[in-house]
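The next block holds one structure in the form of structure tokens; read it before the comments.
The values are calculated or read from the model by the stated rules, or taken from the named source; none is laboratory data. Computed from a predicted model, the values in this text were never measured in an experiment. Using ideal geometry, Cβ is built from the backbone for each residue, glycine included, and neighbour counts are taken over all protein chains shown. Heads up: the accessible areas ignore ligands, DNA and RNA and are worked out on the full protein's heavy atoms, side chains in. Shrake-Rupley method; radii C 1.70, N 1.55, O 1.52, S 1.80 Å.
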Amino acid sequence: MSSFANQVAFITGAGSGIGRATALAFSKAGATVVVAEINESTGRETVELITQQGGNAVFILCNVVDPEQIKKAIYQTVHSFGRLDIGINNAGIGGKFGKLLDQTEQDFNQIMAINVGGVFYGMQAQIRQMLTQKSNPTGGKIVNVSSIAGVRGMPMGAPYSASKHAVIGLTKTAALEYVKHHIRINAVCPVYTHSPMVDELINTAPGMEERMRRMVPMGRFGEPEEIAQTILWLCSDENAFVTGQALQIDGGLTAG
Ligand SMILES: NC(=O)c1ccc[n+]([C@@H]2O[C@H](COP(=O)([O-])OP(=O)(O)OC[C@H]3O[C@@H](n4cnc5c(N)ncnc54)[C@H](O)[C@@H]3O)[C@@H](O)[C@H]2O)c1
């Protein structure tokens, strides 16, 4: 496994699901972890879990829709730990399950503000800081969490699918703009993965879980730890030639 010793990883939405698994995995690999979360109790729980496994982490209350809060969180990170090596823009919501005509302006705006705004403002603050770290030998690494709904349509989830397509556009563009500055920027696109978000979807209709499972050639959901390991791999120095990619983690779904 790669070592992230002496590196500082800033992870949004790290109080639950994929974000928490990623925070724990980075800590196990030696990184100092900043848990940036809107939910104070789950965010602090993640810090506690990291501390119990012997790692170093802090919680920062942060709503990713607000650029000032993200800027302040990055400032606090650097004030505490002196640098920022890794930015994981993971915070997101699933939004309302319903056809296009059942989605309101408010549904659309909310999902775009969190899922797209959070990645946009997150990358702005992270890249601004990384550009000041000229002595950084390995450069900066950013991973944005998109979805398989970012590369395919998702019936009953048009705003979600649009937001996750936008995350890939932001990722590829920023990767090209900052490649010369040694900042690598990639996205991951998971299929259904065990988390509170997917539990909500399962509960929308009887038999939903089985239907979702059948869509995946491997016949199962992903585990948050599996997504976390791919994120770590994308950030590792062994992977130094990969940037601007949207990597599908989908049990074979998009192979067909
Ligand atoms: N679980 C899946 O099947 C799946 C599949 C593909 C992509 N994703 C994406 O993975 C990411 C993580 O999802 P998850 O499944 O772990 O869900 P989750 O609901 O378990 O975790 C999301 C976290 O983001 C936090 N959050 C929400 N809004 C926020 C805000 N405005 N500011 C800061 N934090 C905020 C929540 O409090 C929560 O801790 C999301 O972007 C999601 O769209 C999930």
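Structural remarks
- The lone exception for residue 70 - which of (1) at pLDDT below 95; (2) in contact with a Gly (Cβ under 9 Å, 6 or more places away or on another chain) it fails: (1)
- Odd one out for residue 179 among (1) touching a Lys or Arg at 6+ places or on another chain (Cβ under 9 Å); (2) open to solvent by 30 Å² or more (accessible area, probe 1.4 Å): (1)
- Hey, residue 100 away from the ligand (no atom under 15 Å from the Cβ), of a type outside the set (Asp, Glu) and surrounded by fewer than 19 Cβ atoms within 10 Å (Cβ to Cβ) or not: yes
- The residue pairs whose first member lies in the stretch 155-170 and is farther than 19 Å from residue 98 by Cβ, whose second member is open to solvent by 30 Å² or more (accessible area, probe 1.4 Å) and of a type outside the set (Gly, Ala, Ser), and whose beta carbons are closer than 8 Å, counting only pairs six or more residues apart or on different chains, are 166/112; 168/151; 170/120.
- Restricting attention to the stretch 210-239, the residues that are closer than 14 Å to residue 188 by Cα and among the aliphatic types (A, V, I, L, M) total 5.
- Qualifying position, being closer than 27 Å to residue 108 by Cβ and under 18 Å from the mean Cα position of the chain (by Cα), among 253, 170, 234, 201: 170
- Of the helices (runs of 4 or more DSSP H) lying entirely inside the stretch 1-81, those containing at least 3 residues that are more than 9 Å from the ligand (Cβ to nearest atom), under 20 Å from residue 117 (Cβ atoms) and open to solvent by less than 30 Å² (accessible area, probe 1.4 Å) span 67-81.
- When residue 122 is tested against (1) open to solvent by 10 Å² or more (accessible area, probe 1.4 Å); (2) closer than 28 Å to residue 68 by Cβ; (3) within 13 Å of the ligand (Cβ to nearest atom), only condition (1) is not met.
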